[in-house]
Amino acid sequence: MNVHWNKSEPILIDDEILQEAVMEKLPLGQASHAAKVEQIHFSEILNLHLEYRNILRIDHLWEFTSLSRLNLNNNLIEKIEGLDRLVNLTWLTYFPRLMFLDYRLLDEKTKNEASIKYHYVFEEVRHEELQMQQAHEAEQNQKAEINLHTDAFVESLNGSSLFKSMIKDDPEAQTIQCVPGVAPLLQTFEHQMVELCMQLFDTGLAEHKRRETELSSFFSAQAKVMTDYQEKASQILAKFEPQHKERIMELQQLSDPDMLRVKISHCNDELSQLCKSLMAVEFQLVSQLEDVIKKFDSNMSDMINNFSETAQGIFAQCRDLEDDYHQKVKEIVVGTLENVAKDELEEDIPEDVKMLFTDRDTVMDALATSHDNHLLKINDRETQLVTRVNAWKVALIKGIEDKELKQNRMRISDIHRYVDYLKEQLEDFQ
């Protein structure tokens, strides 16, 4: 199919690509063993999948003598060579860009005849590739969405995931839910929890966008400072280098040793001044970058703190909802325990629920445990969000500071190397 799915450069097949394709289709245990002992026998492979790799030319396949199916969908194939060795090949998907097959040029007449002869096959292939394209795009969109939610620290909060995690693996709670009057409370609780989670989810995405905007502004400010620095350094060098060349030419023309020493001393003084000037600009750059980073750190800290406080407020509401649900269920449970004790149940309830309600301590312990488990899930998700978002900010600032420190050292080293190189030139005149 003549669709280019990504922007990477066209490639040619080599042994590494073939080994990777073979390993991808092996069962996990078998693939690990094959990689360990380095015994992948191409001659034993029956199916080979090389889709979505931007392949321009097909060759290196002569070892696949047992190959019966070769999948090459969604590439940029113009030339196929060496298929004459694949005597067992019975299935090969559709190449509208193909120009050479087994070292022979395909003319338009051959292509047209093949198109007419295999029209229905082509239509089936096109349909299959369209489905593959749609599935591929859906997968990529899903991955991008998950990555966005994770980067915003609100993954799995756009629905009932948190609520379901609170309810599952709680058999006593599930039994209690069978008590008349509890199910409607649980539905209301779930609806309210999902509303709060969605509120937090939307807030998280909005805050993520704000952080991205702030980060972009920081990089712009950083680039501006660097541009100013480069202009100042260039001006210093533009003024120095012509004068230095003139001084070198003067040295080349001098024969008087005393005069030569005076001129060399003057040149060394000029080099020292050059170093001081460049270092002064460098220190100015460092100071300005520190201010930019400090402002960025302050702005980002405010954002993170506000987001954390908002999230903690929403999680507090979740705990209030759970507590309200727990208290209402507790009232129903206590009433049911009294009715069971008096054998005055107004509605039929399952036998296992009746059995549970014959032991008051067991029922109340189960209710308390369920309450604690629900709160634990809420607290854990709150801790996870707050911890991750703060750790992200710390790592971000540290990464920026470390990078700037490294670049500062490199620039200082470059200044000294340049000045030392010029001083070495002067030594030739001594």
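The values are calculated or read from the model by the stated rules, or taken from the named source; none is laboratory data. Owing to the predicted nature of the structure, the values given are computational and were not obtained by experimental measurement. Please note: Cβ atoms are built from the backbone with ideal geometry, for glycine as well, and neighbour counts cover all protein chains shown. Only protein heavy atoms, including side chains, enter the accessible area calculation; ligands, DNA and RNA are left aside. Shrake-Rupley method; radii C 1.70, N 1.55, O 1.52, S 1.80 Å.
In the range 322-358, what count of residues is obtained for those that are in a loop (DSSP other than H, G, I, E, B) and either within 13 Å of I176 (Cα to Cα) or among the hydroxyl-bearing types (S, T, Y) (or both)?
Looking only at that region, the number is 4.
Identify, please: which residue in the range 333-354 is of a type in the set (A, V, I, L, M) and at pLDDT 75 or above and is, among those, most open to solvent (accessible area, probe 1.4 Å)?
Ranking the qualifying residues of the range 333-354, first place goes to A341.
Table: residues versus (1) modelled with pLDDT of 95 or more; (2) β-branched (V, I, T); (3) within 30 Å of K328 (Cα to Cα).
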{"site": "N373", "(1), (2), (3)": "no, no, yes"}
{"site": "D380", "(1), (2), (3)": "yes, no, yes"}
{"site": "L385", "(1), (2), (3)": "yes, no, yes"}
{"site": "R388", "(1), (2), (3)": "yes, no, no"}
{"site": "A391", "(1), (2), (3)": "yes, no, no"}
{"site": "D402", "(1), (2), (3)": "yes, no, no"}
{"site": "K406", "(1), (2), (3)": "yes, no, no"}
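Would you point out which residue out of S277, S272, S308 is open to solvent by less than 60 Å² (accessible area, probe 1.4 Å), of a type in the set (S, T, N, Q) and within 29 Å of E382 (Cα to Cα)?
S308
Just wondering, is there one or more residues in the range 339-355 that are among the small types (G, A, S), in contact (Cβ under 8 Å) with a residue 40 or more places away in the chain and in contact with a helix residue (DSSP H, G or I) (Cβ under 9 Å, 6 or more places away or on another chain)?
no
Among all residue pairs at least 6 apart or on different chains, which show Cβ distances below 6 Å where the first residue, located in the range 269-293, is part of a helix (DSSP H, G or I) and the second is among the hydroxyl-bearing types (S, T, Y)?
Final answer for the pair search is L285/Y229.
Out of the range 218-251, which residues are in contact (Cβ under 8 Å) with a residue 40 or more places away in the chain and over 47 Å from the mean Cα position of the chain (by Cα)?
H244, I248, L251
Please pick out the residue among P180, P184 that is at negative phi, surrounded by fewer than 17 Cβ atoms within 10 Å (Cβ to Cβ), of a type outside the set (F, W, Y) and not in a helix (DSSP H, G or I).
The unique qualifying residue is P180.
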